[in-house]
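**Student:** Quick one: structure below, then a few questions.
Derivation of every value follows stated rules applied to the coordinates shown; laboratory data play no part. Just so you know, these numbers come straight off a predicted model, no measurement behind them. Please note: Cβ atoms are built from the backbone with ideal geometry, for glycine as well, and neighbour counts cover all protein chains shown.
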């Protein structure tokens, strides 16, 4: 291959790579719907328990939680295989409840008293720009 043909091939490869990187389209993960709603179940001692899962799709399952006044135990289960998935956390907007970084294959929990009736937003602060969000509805 001559120098001119090699240069043209390199230039073409650079153009294809560069154009692909400049796409303004969101990744498919960002377009996925937010799945499901769950109503907390009363567990031992009257504590309502909800389990949220999160994995490689960067979504909370379910993304909407319904609770009633009283104690709530919220479990975040990172269903990714250890070493093969991203960590997740869970932070409420305007509320002091937080589940710290939860590595793939692990779970973490927080127990709190449900706040005043209303709707409260939560997000994975690591993947909030990928729209990994949800809402807590207190009846």
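**Student:** Which residues does the label zone of residue 37 cover in the range 49-80, counting backbone N under 19 Å from a point 7 Å along Cα→Cβ?
**Tutor:** 49-53, 60-69
**Student:** What is the extension gain from residue 121 to residue 103, computed as 0.36 nm multiplied by their sequence separation minus the C-alpha to C-alpha distance, in nm to one decimal? All intermediate terms of the calculation are to be shown ahead of the outcome.
**Tutor:** Numbers: separation 18, 0.36 × 18 = 6.48 nm, distance 2.22 nm.
Residue separation times 0.36 nm, minus the Cα-Cα distance, leaves 4.3 nm.
**Student:** Compute the orientation-averaged projected area for the range 34-138 from the convex hull of its Cα atoms and round it to one decimal in nm². Spell out each step's value before the answer.
**Tutor:** Details: hull surface 23.9 nm².
Approximately 6.0 nm², given one-decimal rounding.
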